[in-house]
Amino acid sequence: MTDFRRTRELLEDGEAYDAGPGRECVVFYRQEQVFRHIAGFRDREKGIPLSGEEFFDLFSCTKLLTCTASMMLWERGAFRLEDPVEKYLPEYGEMYVRERLENGRSTLRPARTPMLVCHLLTMSAGLNYDMGDGAVQAAKDATGGACPTLETIRFLAGRPLDFDPGERFQYSLCHDVLGALIEVWSGMGFYQFLKKEIFDPLGMKETFFHLPGEWRERKAVRYMCEGEGKEILPCAPGNPFVPGDAYESGGAGIISTLDDYARFVGMLSRGGKTPEGKRILEEETLKRMATPVYDEEWQETFQAAWLPGYHYGLGVYVLQDAQKAGSLASPGTFGWNGAAGSYVSVDPKAQIAVLYIQHMHSPGNKVYHDRLRNTIYREILGEQEAGE
């Protein structure tokens with residue numbers, strides 16, 4: 001097995017690639033963790049280095065947890081993918097679409113198709129990512145600013161859709177709605193379900209939606225870099241996708257540590273099992289999540305908005321054309337990433353999984369992810385095998 005020399009060097013030199021003041025990485029190969037490295041600072045201004053125990057906002061890497069939890073309940077017969085959302089959240093029964101007119105104005109019309117659960121998993125429900133409109137404010141006013149998940153998602157049903165459900169891909173609050181549905185399907189709070197069914201079986205004791213007060217000092221400073229050569233500055237505290245202290249965002253709310261979230265990624269790399277063999281998710285269900293769902297027309301809307309060379313499955317990207325994507329991973333590799341630079345890649349064929357965490361918003365994140373992943377593949381598989 002390789003000593004991962006080049007991967008370590010790339011992590012140590014991450015700031016030269018706009019990767020942020022602090023970087024952490026774990027690699028799994030053939031279902032075993034084979035690499036772990038920490039580089040840089042928890043707080044650059046104070047000169048405090050990372051120790052490996054820091055908490056990070058993982059933002060959209062939350063989506064992997066939410067969709068896994070949803071499919072666990074699907075396995076148990078709690079819902080069908082073709083079920084209308086209104087069956088569980090009646091507020092979503094009479095939806096309207098905002099149409100733009102040629103004169104620049106807009107009008108509302110009834111949605112031509114119902115919103116289905118599968119539309120939420122595939123980001124095609126017609127929702128958007130606006131966190132500042134009247135629906136969110138109404139939820140704040142009604143709940144004293146707390147915004148419990150289920151109640152807040154009910155308020156969001158009053159917001160017009162951007163298009164008819166099922167029409168195309170659009171990144172949005174779809175997985176936040178799934179978080180509310182998990183509460184309905186399970187009869188438990190969203191976090192309670194995740195804790196009982198995923199966190200506890202995997203030994204994940206440091207993953208939360210809201211960080212307990214005694215651990216807040218362990219949170220790494222989050223940074224912002226607006227572009228190449230721009231100054232790197234600390235971000236204001238708080239998560240813009242979390243409107244209240246009781247809101248558990250299925251799309252962007254998880255806070256975790258490298259080793260804790262790695263336990264979840266390790267489970268995905270083992271086809272849905274814990275290290276002891278306890279099954280969290282059926283392997284066939286995981287394969288279904290990582291199977292492209294869009295036809296060619298829909299696929300164009302995803303690639304135009306997101307990733308050339310990739311398809312979209314049930315809540316995950318799915319690598320289709322490795323050459324077009326500039327990737328050495330195998331077709332069928334799946335995962336997702338987060339706004340501050342967290343990144344997950346699970347390759348069932350090559351049996352390689354990568355978890356990378358940083359804490360900086362930067363337009364250069366994807367370029368660094370690609371460089372890091374490809375370096376890992378070259379070191380594990382060698383120049384000849386990588387990408388075959």
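The values are calculated or read from the model by the stated rules, or taken from the named source; none is laboratory data. Note that the structure is a prediction, hence the values are computed from the model and not measured. Cβ atoms come from the backbone with ideal geometry, glycine included; neighbour counts cover every protein chain shown. Remember, those area values only see protein heavy atoms, side chains included, never the ligands or the DNA or RNA. Shrake-Rupley method; radii C 1.70, N 1.55, O 1.52, S 1.80 Å.
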Of all residues in the stretch 166-184, which are open to solvent by less than 10 Å² (accessible area, probe 1.4 Å), in contact with a helix residue (DSSP H, G or I) (Cβ under 8 Å, 6 or more places away or on another chain) and within 12 Å of L120 (Cβ to Cβ)? L173, C174, H175, D176, V177, L178, G179, A180, L181, I182
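Listed here are the residues, each with its yes/no results for (1) within 26 Å of L64 (Cβ to Cβ); (2) in contact with a Ser or Thr (Cβ under 6 Å, 6 or more places away or on another chain).
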site	(1), (2)
R98	no, yes
E102	no, no
T107	no, no
R112	no, no
L116	yes, no
L120	yes, no
Q137	no, no
R159	yes, no
Test: Q137 is modelled with pLDDT under 95, farther than 24 Å from T291 by Cβ and not charged (D, E, K, R): yes
Say whether the condition of being of a type in the set (A, V, I, L, M, F, W, C), part of a helix (DSSP H, G or I) and open to solvent by 40 Å² or more (accessible area, probe 1.4 Å) is met by at least one residue in the stretch 359-367. yes
Enumeration of residues in the stretch 30-52 that are of a type outside the set (F, W, Y) and part of a strand (DSSP E or B): E32, Q33, V34, R36, H37, I38, A39, G40, R42, D43, I48, P49
Taking first residues from the stretch 298-315 that are at positive phi and of a type outside the set (K, R) and second residues anywhere that are buried (at least 20 other Cβ atoms within 10 Å of the Cβ) and assigned to a loop (DSSP other than H, G, I, E, B), the pairs with Cβ under 9 Å that are 6 or more apart or on different chains are G309/S327; G315/T122; G315/M123
Here the qualifying pairs (Cβ atoms under 9 Å; residues six or more apart or on different chains; first in the stretch 1-26 and among the aromatic types (F, W, Y); second open to solvent by 90 Å² or more (accessible area, probe 1.4 Å)) come out as Y17/V367; Y17/R371
The lone exception for F302 - which of (1) modelled with pLDDT of 95 or more; (2) of a type outside the set (D, E); (3) out of contact with any Asp or Glu (no Cβ under 7 Å at 6 or more places or on another chain); (4) open to solvent by less than 10 Å² (accessible area, probe 1.4 Å) it fails: (1)
Which ranges mark the helices (runs of 4 or more DSSP H) fully within the stretch 97-162 that have 2 or more residues being farther than 29 Å from Q303 by Cα and in contact with a Gly (Cβ under 7 Å, 6 or more places away or on another chain)? 134-142
